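Structure, as structure tokens:
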Amino acid sequence: ISTATTLAGSNFDNCMMNASGVYCMDSDELLAVENSKAATFVTKSGTLQPRKGNPEPRYFETEFGSINSMGLPNNGVDYYLDFVSQDQINHPGKTYFLSITGFNLAEDLELLQKVTDSDFAGVVELNLSCPNVPGKPQTGYDFETVDAILKAVFDVYHKPLGVKLPPYFDIIHFDQMAEILNKYPLSYVNSINSIGNGLYINDDTETVVIKPKQGFGGIGGEYVKPTALANVHAFYQRLNKDIQIIGTGGIQTGKDIFEHILCGASMVQVGTALMVEGPVIFERLTAELEAIMAEKGYSSIEDFRGKLNYL
Ligand SMILES: O=C(O)c1[nH]c(=O)[nH]c(=O)c1I
């Protein structure tokens, strides 16, 4: 039984990794994921300059998941490029993911130029879905802007690149986004990012639990699995087959991974549960997924990927 997968032209010995934003802020966290059973890692979304992010508390764990309004704190794209370029030397042939996000198209292109000028040989994840930069709307909900960004990006960048999308909640939006995405040589689409601008309340103190944005923040964890599975499957149904899917959202067990793959995911990313349990989670998740595959008589994830049945 193998949980191996192929994504963006690279082979991975496992189909799971961290979600950007979780366990990927600095070299210590990235090495912890690297040295776990995860197939690889993705960095925190890097910006042109380092950022402190929003005031704390800006992350809170609840019974069914998490709420965050980090505000894109990161060490800057050069930090992550330097780290991954060095890590590639230590692990020749391993493929890593670099997440980037600009505040406008010019910045996106400048970030990609830096990647082109570096030794980075992995996959770029262009984050179009950060919900927590005050005053900045979600790019992923502005369809014309997504189209313009992808056109400009693929005019200049010709190596493996995927996009991190926010959750959509309307069938017509799946249709409209897929029509845009199918125009471009994307390696993959990663669905979903957190469900933006949720609110969690402490009833005892009658107070919100995070400081930024009067307590509004992106929701992750068990809360979001039905939305994540729907987005994975909606894009799997609509995208041409050379655009693969990374499934992110609500993964806590091997069963959750099985469901994401059944919906069409070729790789899954773990966020909130990784934050809670640490990188050791990947050993449990791998064992649980292998047990499910053994029970069902599957030897590889391709035996059941995308094979969700309808009634
Ligand atoms: O607030 C953040 O840093 C953040 N938080 C999220 O939940 N998703 C994102 O893409 C980002 I860039």
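The values are calculated or read from the model by the stated rules, or taken from the named source; none is laboratory data. Just so it is clear, the structure is predicted and the values come from calculations on it, not from any experiment. Note: ideal-geometry Cβ built from the backbone for every residue, glycine included; neighbour counts use all protein chains shown. The protein model used for the area step is the full one, side chains on, heavy atoms only, and it has no ligands, DNA or RNA in it. Shrake-Rupley method; radii C 1.70, N 1.55, O 1.52, S 1.80 Å.
Key figures
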{"item": "Within region 133-244, percent of DSSP bridges classed antiparallel, to nearest 5", "result": "50 percent"}
{"item": "Amide H partners (placed H, <5 Å) of Asn197, local residues excluded", "result": "Gly217, Gly218, Ile219"}
{"item": "Counted charge near Asp13, where neighbours are those whose Cβ lies closer than 11 Å (Asp, Glu -1; Lys, Arg +1)", "result": "+2"}
{"item": "Backbone N under 12 Å from the Glu302 label point (7 Å along Cα→Cβ), restricted to region 226-263", "result": "none"}
{"item": "DSSP bridge pairs, the chain: antiparallel proportion in percent, nearest 5", "result": "40 percent"}
{"item": "Label point distance in nm, Thr253-Tyr310, each placed 7 Å from Cα along Cα→Cβ", "result": "2.8 nm"}
{"item": "Hull shadow area, averaged, region 1-155 [alpha-carbon convex hull, nm²]", "result": "10.8 nm²"}
{"item": "Ellipticity estimate at 222 nm from DSSP helix runs (n ≥ 4, -39,500 (n - 2.57)) divided over the chain, nearest 500", "result": "-10500 deg cm²/dmol"}
{"item": "Modelled FRET efficiency - R0 22 Å, Asn182 with Val156, Cβ distances, 0.05 increments", "result": "0.65"}
{"item": "Gly46 long-range amide H proximity, modeled H, under 5 Å", "result": "Ser99, Ile100, Thr101"}
{"item": "For the chain, convex hull volume per residue from C-alpha positions, Å³", "result": "131 Å³"}
{"item": "Residue-normalised accessible area of region 224-311, expressed per residue, 1.4 Å probe, Å²", "result": "40 Å²"}
{"item": "Environment charge at Thr286 (Cβ cut-off 14 Å; Lys +1, Arg +1, Asp -1, Glu -1)", "result": "-3"}
{"item": "Average accessible surface area per residue within region 107-167, 1.4 Å rolling probe, Å²", "result": "40 Å²"}
{"item": "Lys, Arg +1 and Asp, Glu -1 on Cβ, resulting dipole of the chain about Cα centre, debye, nearest 20", "result": "400 debye"}
{"item": "Computed over the chain: relative contact order in percent, which uses C-alpha pairs under 8 Å that are six or more apart", "result": "21 percent"}
{"item": "For q = 0.16, 0.19, 0.23 Å⁻¹, Debye-computed log10 I/I(0) when each Cα of region 5-94 counts as one equal scatterer", "result": "-0.74, -0.97, -1.22"}
{"item": "Val270 long-range amide H proximity, modeled H, under 5 Å", "result": "Met17, Asn18, Ala19"}
{"item": "Percent carbon-and-sulfur accessible area, region 1-127, ignoring ligands, DNA and RNA, probe 1.4 Å", "result": "48 percent"}
{"item": "Average accessible surface area per residue within region 10-96, 1.4 Å rolling probe, Å²", "result": "42 Å²"}
{"item": "Cut-off 15 Å between beta-carbons: net charge of the residues surrounding Leu31, Lys and Arg +1, Asp and Glu -1", "result": "-3"}
{"item": "Enclosed volume per residue, in Å³, of the convex hull spanned by Cα atoms of region 176-311", "result": "159 Å³"}
{"item": "Radius, Kirkwood style, for region 56-130 when every pair of distinct Cα atoms is counted (Å)", "result": "14.1 Å"}
{"item": "Region 129-205 - percent of accessible surface contributed by carbon and sulfur, probe 1.4 Å", "result": "55 percent"}
{"item": "Cα-projected label distance for Ser118 with Thr205, points at 7 Å along beta-carbon direction, nm", "result": "3.8 nm"}
